[in-house]
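Working notes, beginning with the structure itself.
None of the figures in this text is laboratory data; all of them are computed from the coordinates on show. On a predicted model such as this, the values are computed, not experimentally measured, just so you know.
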Amino acid sequence: MYRRLLSNTVLFSVSTFGSKILLFLLTPFYTSILTDAEYGVTDLIIQTGNVLIPLVSMGIINAVLRFGLDETTDLKGLFTTGLVVILVGEGVLALCYPLLQSIGLLSDYVLLLLLYVLMANLHAVFGAMAQAMGKVRLYAGSGILCTALVVAMNLLLLSVFRLGIVGYVLSNVIADGVVALVLFGTLGLWRYFQPAAVGRGLVRQMFRYCLPLIPATVCSWIINISDRYFISFLIGPDVSGLYAVGNKVASILLILSGIFTSAWQLSIVSERSKAEQERFFSNVFSVYEAGALVGASLLMAASRLVMRFLAAPDYFSAWHYAPVLILGTAMACLGSFFASVYVAEKRSSAALVTTLAGAGVNLAGNALLIPLYGAMGAAVATLLSYLVILIARAVHSRSLLRVAWKVPRFVLAMGILLLQCVLVEWENTPLALVCCLGILALYFRPLWRAWKTGIFTRR
């Protein structure tokens, strides 16, 4: 089981890491072509689309992947249900066109937003089917193709045709659409679209699993996106653009975590005994926690340097938001690990409740802190919300699966990381690096043990 996790992680690393890093490195290109305000609006369109994607699909893609991992599931009924739900949801979204047009910042881009959501959902459901059918290499390859298309379209539409915001979003629409067609044809998915194969029992189970994920998605949107809206309306889209670029530094950690998560979700469903499952989760979490917090500390110390390479000079001041956002992202990564317990146990309602708690903290934090501290207040609110989610999931998930966690060590690490945030803000690089050494010393043992015992090379 460890070897399978390692194999899938390496595979997704080749696909996802190269793809995401390439898009990440394009940030200087974007910031040199788009103004602060344009980048802020572009970020709002993409982020709004990202929250509409699971809402329109009713979370069915999560159910397609989760139930597709069960060997007894009928893939024809699974695929037909998923595709029909997506198409119906897109039709309902189209009926909301006037409502979307009333949102000032989005009014000129509603049709583009509808296309973005449709293509992303089709790409996602076809990709989920590829994983369910065991075509992991094809799925990984489709990620590389998608990135290549995004890059090519960005260079063409932004640099040559100068389409600005429209070109940025349209690049993603074209890339998702082409990759969806490739997956559909390569997998022969037309053979799996059979309405007669849809069973009432399977549909009921799928919706029981995915429906709680809809409000959970709304709560995730509140945490991930509401700060942009608060900043845009209370301060201005130019500051929102800077904040979005600052968040790009934190996204490096999210990219690395996403590689692991893509592989991890294929390993959590098995017929192991509960004791074996708990040992497996605990061993993996000890290494994952160490990697997340050591990575966060290193990235915080290098945030100013990263920003110099990441964005145009006009955006350099965005580095101030990066350390707190990086720490918040680390908490989000750890929280997502405990959420995998809910996936394994098919307890999506628990994910909803814990995300709801975090969303409440985020809204209150944005309302109270942004008027006082500007965009930095939004970063703090994000950190607090993810910390609440992590604690809630760590406590509640123990009733389902007891994942071993050394809490005193984590508390000490949080104290060091918070101090490092302050030191980086004060531009005290030497002491910030001392904090990095402190975090590495705290988590050296699990990292060394994983390397020495070959935890990820055992069968």
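Overview of results
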read-out	value
Reach of LYS248 by Cα under 25 Å, taken over lysines that are not fewer than 8 positions away in the same chain	LYS20
Theoretical gain in end-to-end length, ARG204 to SER317 [0.36 nm per residue, Cα-Cα removed]	35.6 nm
Gain in span if fully extended, ALA152 to SER107, counting 0.36 nm per residue against the direct Cα distance	13.5 nm
When the convex hull of its Cα atoms is projected in every direction, mean area for the stretch 34-212 (nm²)	10.8 nm²
Hull shadow area, averaged, the stretch 198-336 [alpha-carbon convex hull, nm²]	11.4 nm²
Cα-based Rg of the stretch 187-263 normalised by 2.2 N^0.38 Å, two decimals	1.71
Isotropic mean projected area of the C-alpha convex hull, the stretch 353-459 (nm²)	9.3 nm²
Contour excess over end-to-end distance, with Cα ends at PHE193 and LEU440 and 0.36 nm allotted per residue	83.8 nm
For semi-axes √(5λ) of the Cα gyration tensor in Å, calculated from these coordinates, the label among [x] 33, 27, 21; [y] 32, 30, 21; [z] 36, 29, 25	[y]
Distance cut-off 13 Å, percentage of C-alpha pairs in the stretch 26-86 lying past it	69 percent
Qualifying lysines (Cα of each under 18 Å from Cα of LYS346; at least 8 residues distant if same chain)	LYS274
Cα extents of the stretch 225-451 along the three principal axes, largest first (Å)	55, 38, 28
